[in-house]
Amino acid sequence: MWTFFHKLGSPPWLYSISGTILRWLLPITLVALAAGIVWGLLFTAPDFRQGNSYRIIYIHVPAAVVALAGYYVMAIAGAISLIWKMKMADVAMKACAPIGAALTFIALVTGSIWGKPTWGTWWVWDARITSMLILLFLYLGVVALYEAYDNKEAAGKACAVLSLVGMVNIPIIYKSVDWWYSLHQPASIKFTGESSIDPSMLYPLLLMISAFYALFTCCLLMNMRAELLEREARTNWVQRLAKQEGRS
Amino acid sequence: MSAPGTLPFCLRLLRRQLVLAFRRPIEIGNPLLFFAMVVALFPLGLGPAPEQLSGFAPGILWIIALLSNLLTSDAVFRSDFEDGSLEQLLLSPQPLFLSVLAYIAAHWLVTGVLLALVSPVFALMLNLPVQAVGVLVASLLLGSAVLSLVGCIGAALTVGLKRGGMLISLLILPFYMPVLIFGSAAVQGAVTGVPAGPYLAILGAMLCLAIALAPLAIAAGLRISVDA
């Protein structure tokens, strides 16, 4: 157990293990994404009230769910790098921010496109939408703060503090549709009790959510690998790797 | 010389910050002037119709209070960071949590409290109904304390950077939004006759949370900035 923990702190080991994981995870992710999209778009019945427009749910909900979960990943990685001074957690935190921002942006854009036929407007200032917008600002704030520091070690710590402070907002976003009566519907999928969504629509949605989690993991690992190579560019293992790449 | 106790130390720190602020009265006056000028922008931009202005007044007053708080929070730690006294503070045996609170209290007293006290004048200029003025002052007093606490997190994280000004707004504004929502809702409620008590209670709850947690983040941010 502890050797695993120590190995986790070693950049070459992390680089090689993440390469192995990616070799398996990336094809699985792509297949799951393709299957989920085809299943959701072609093989589910249209909604009796919304017709075909509801199908954007297969992008919107997974992106939103993973965008929120990604913030937890970022904040927890930040906490680990602050408390145990693990360099790799710092790399993970930095790699999370742009992916999370992109997912939040996708969720906002698809939500807006969905809102036009359903609610008759591109944008409303309702609790869930506004708080997702705030989430986007939180992600972008972390990116901006990291870029502003010249000293990258301090940048990592400062971003870790900022992302931990931002954790206050995440439960508010999760619960916003239950606490405030708003245009956005409450969560349809529940772990306990009856979900308010038909199983024939639910299963492709669950597949897409899993696929988005896997996609997030893939992007995170690829970002981390790029960041590792950049940080460790002067070390032996990276130079050896570069020579190998050059030869083959 | 023996080290002073924690409470006397914090009170001295607070007194020092206030003395420094009052030695430069213009710096205390600047946020008020800013407040007055931005108030004047709204009738120019939205049109001077009194009934329209009175509808927007709660939001306008709250947004300006928030902006002036944001603009002044950048300077809270800057001069002490530049002349090295912040480093001395970090090295001193006093708990940083409490000394940071002294800085924040000083900032709140010279911006938030002052703005809250003069806000009735601007409320009248924007035609805010008189029955809402009391709630406006109360909500600004409570809310600006939260704003000072949260703003200082941004100030602590960016104090070591040369160009902190724009960045601090990017970092901090998302955290100002909940305060704005409940602060302006309290005043709006008072205009329409809804009891403002629950909104003020939520602002008070936010203040409790911020007092408990923000100094931790500020202390961590100051250590990072000084180390860098």
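The values are calculated or read from the model by the stated rules, or taken from the named source; none is laboratory data. Note that this is a predicted model, so its numbers are computed, not measured. FYI the Cβ positions are ideal-geometry reconstructions off the backbone, even for glycines, and counts take in every protein chain you see.
Look through region B:219-228, keep the residues that are hydrophobic (A, V, I, L, M, F, W, C) and assigned to a helix (DSSP H, G or I), and return whichever of them is surrounded by the most Cβ atoms within 10 Å (Cβ to Cβ). Can you show your working first?
So in region B:219-228, the residues hydrophobic (A, V, I, L, M, F, W, C) come out as B:219-220, B:222, B:224, B:226, B:228.
If we keep only those that are assigned to a helix (DSSP H, G or I) as well, we get B:219-220, B:222, B:224, B:226.
Values: B:Ala219: 19, B:Ala220: 21, B:Leu222: 27, B:Ile224: 25, B:Val226: 19.
Applying the filter and picking the extreme gives B:Leu222.
I'd like the residue in region B:183-205 that is surrounded by fewer than 22 Cβ atoms within 10 Å (Cβ to Cβ) and within 14 Å of chain A (Cβ to nearest Cβ) and, out of all such residues, is nearest to B:Ala65 (Cα to Cα).
Among residues in region B:183-205 that are surrounded by fewer than 22 Cβ atoms within 10 Å (Cβ to Cβ) and within 14 Å of chain A (Cβ to nearest Cβ), the one nearest to B:Ala65 (Cα to Cα) is B:Ala185.
Could you list, in sequence order, the residues of region B:2-21 that are of a type in the set (Gly, Ala, Ser) and at pLDDT 90 or above? Step through it out loud before you land on a result.
Our first condition is that a residue be of a type in the set (Gly, Ala, Ser); within region B:2-21, this holds for B:2-3, B:5, B:21.
Passing the criteria: none in range.
A:Met88 passes all but one of (1) more than 14 Å from chain B (Cβ to nearest Cβ); (2) closer than 19 Å to A:Ile57 by Cα; which number fails?
Every listed condition holds for A:Met88 apart from (2).
Applying the selection to region A:114-168, what residues are surrounded by 21 or more Cβ atoms within 10 Å (Cβ to Cβ), hydroxyl-bearing (Ser, Thr, Tyr) and either within 8 Å of another protein chain (Cβ to nearest Cβ) or over 20 Å from B:Ala155 (Cα atoms) (or both)?
Of everything in region A:114-168, those that are surrounded by 21 or more Cβ atoms within 10 Å (Cβ to Cβ), hydroxyl-bearing (Ser, Thr, Tyr) and either within 8 Å of another protein chain (Cβ to nearest Cβ) or over 20 Å from B:Ala155 (Cα atoms) (or both) turn out to be A:Ser131, A:Tyr149.
In region B:208-218, which residue that is surrounded by fewer than 19 Cβ atoms within 10 Å (Cβ to Cβ) and in contact (Cβ under 8 Å) with a residue 12 or more places away in the chain is nearest to the other protein chains (Cβ to nearest Cβ)? Steps first, please.
Residues of region B:208-218 surrounded by fewer than 19 Cβ atoms within 10 Å (Cβ to Cβ): B:208-209, B:211-213, B:216.
Now restrict to residues that are in contact (Cβ under 8 Å) with a residue 12 or more places away in the chain: B:211, B:216.
Details: B:Ile211: 14, B:Leu216: 9 Å.
The residue in question is B:Leu216.
State whether the residues of region B:176-191 include one that is over 29 Å from B:Leu136 (Cα atoms) and part of a helix (DSSP H, G or I). Break it down into steps so the answer makes sense when it comes.
If we filter region B:176-191 for residues that are over 29 Å from B:Leu136 (Cα atoms), which is where we start, we get none.
So far as region B:176-191 goes, no, none of its residues is over 29 Å from B:Leu136 (Cα atoms) and part of a helix (DSSP H, G or I).
Return the residues of region B:148-173 that are out of contact with any Gly (no Cβ under 7 Å at 6 or more places or on another chain) and part of a helix (DSSP H, G or I); say none if nothing qualifies.
Initial filter on region B:148-173 (out of contact with any Gly (no Cβ under 7 Å at 6 or more places or on another chain)): B:149-152, B:154-155, B:159-167, B:169, B:173.
Across region B:148-173, the qualifying residues are B:Leu149, B:Val150, B:Gly151, B:Cys152, B:Gly154, B:Ala155, B:Gly165, B:Met166, B:Leu167, B:Ser169, B:Leu173.
So which residues in region B:76-91 are in contact (Cβ under 8 Å) with a residue 60 or more places away in the chain and not in a helix (DSSP H, G or I), if there are any at all?
B:Val76, B:Phe77
Given the residues B:Gly160, B:Gly165, which is the only one that is surrounded by fewer than 19 Cβ atoms within 10 Å (Cβ to Cβ), of a type outside the set (Asp, Glu) and within 12 Å of chain A (Cβ to nearest Cβ)? Working first, answer last.
Numbers: B:Gly160 fails: surrounded by fewer than 19 Cβ atoms within 10 Å (Cβ to Cβ).
Just a single option satisfies the conditions, and that option is B:Gly165.
Quick one: which residue in A:Ala102, A:Ala75 is within 14 Å of another protein chain (Cβ to nearest Cβ) and of a type in the set (A, V, I, L, M)? Give the derivation first.
Details: A:Ala102 fails: within 14 Å of another protein chain (Cβ to nearest Cβ).
After applying the criteria, what remains is A:Ala75.
Within region B:106-120, work out how many residues are surrounded by fewer than 21 Cβ atoms within 10 Å (Cβ to Cβ) and in contact (Cβ under 8 Å) with a residue 24 or more places away in the chain. I'd like the intermediate steps shown before the answer.
Step one: list which residues in region B:106-120 are surrounded by fewer than 21 Cβ atoms within 10 Å (Cβ to Cβ), which gives B:109-110, B:113-114, B:117-118, B:120.
Then keep just the ones that are in contact (Cβ under 8 Å) with a residue 24 or more places away in the chain; that gives B:109-110, B:113-114, B:118.
Counting residues in region B:106-120 that are surrounded by fewer than 21 Cβ atoms within 10 Å (Cβ to Cβ) and in contact (Cβ under 8 Å) with a residue 24 or more places away in the chain gives 5.
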